[in-house]
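Read the structure below first, then the notes.
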Amino acid sequence: MNIEKKVIIEIIAIIIAIKVFSFILAPLSWAVLKNQPCDIISLWNRWDAPHYIDIAKNGYTNVGEGRFFIVFMPLYPFLIRLLASFIGNYEASALLISNLASIFACFYLYKLAKIDYSHNTALKSVFYFSIFPTAYFLIVGYTESLFLLLTIGCFYYARKAKWLSAGVMGMLASATRITGLVLLPSLLYEYFSQNSKPGSRSVKDVFYLGMISFGFLSYLVLNYLVFGNAFAFL
């Protein structure tokens, strides 16, 4: 077995073991606390998850309670709607997207850590990332998994000087959570640190990094189309 396959198996084993444990522990805890069985999909459909699902089903609106959902950015509910069009279940789609995104986030985290550290250290970063006390947000129908996948991937491609890939990942991140905008100054700093000689800098690469803002700008357009005010979310 080559090293690459061994690494993939190790990472998948860590993630799957923790997720299986969480999916077993959650309904058992519910049964103990509530003294009744539960639907595993509904159990994880909590807090803001139903709001994302509502957007996926009905889109954004400027009337009723749904008008408050404009504060939730569009990429995650769009992906839920897209997947649900194939499998026919919005709640299951939200869980699938979050859990798949967290798996890929772990791979990018390993690859990012491996740039500077040993295999063992990089693998430990995946393990601690997966068992962090609030890591249950990587299972539930929230944006955390998707945002971490895009953010970690963005930094990984920046470290590899693949600026177009970094820009695309950053753009999607800023369409997932408003904090994705922080990637723009962070990656500009990384770019100019790597390209210390003026002759090595490219306007094209800087434009790629400027793409990070496009995700948020599309969200402002969405606000304007729904409310007639680009900053309605405020």
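The values are calculated or read from the model by the stated rules, or taken from the named source; none is laboratory data. Here the structure is a predicted model, which is why all the values come from computation and not from measurement. Note that we place each Cβ from the backbone using ideal geometry, even for glycine, and neighbour counts take in every protein chain shown.
Descriptive notes on the structure:
- Sole exception among (1) modelled with pLDDT of 95 or more; (2) surrounded by 15 or more Cβ atoms within 10 Å (Cβ to Cβ) for ASN229, by number: (2)
- Wholly enclosed helices (runs of 4 or more DSSP H) of the range 83-196 bearing at least 1 residues on the phi < 0 side of the Ramachandran plot and touching a Pro at 6+ places or on another chain (Cβ under 9 Å): 90-116
- Residues satisfying the stated conditions in the range 176-207, i.e. hydroxyl-bearing (Ser, Thr, Tyr) and over 30 Å from ALA94 (Cα atoms): TYR189, TYR191, SER193, SER196, SER200, SER202
- Counted residues, the range 154-182 - those being touching a helix residue (DSSP H, G or I) at 6+ places or on another chain (Cβ under 6 Å), without any contact (Cβ under 8 Å) to a residue 60 or more places away in the chain and either among the hydroxyl-bearing types (Ser, Thr, Tyr) or buried (at least 22 other Cβ atoms within 10 Å of the Cβ) (or both): 14
- Residue in the range 182-205 that is at pLDDT 95 or above and in contact with a Ser or Thr (Cβ under 8 Å, 6 or more places away or on another chain) present: yes
- Residue in the range 1-22 that is of a type in the set (S, T, N, Q), without any contact (Cβ under 8 Å) to a residue 40 or more places away in the chain, surrounded by fewer than 17 Cβ atoms within 10 Å (Cβ to Cβ) and more than 30 Å from PHE155 (Cβ to Cβ) present: no
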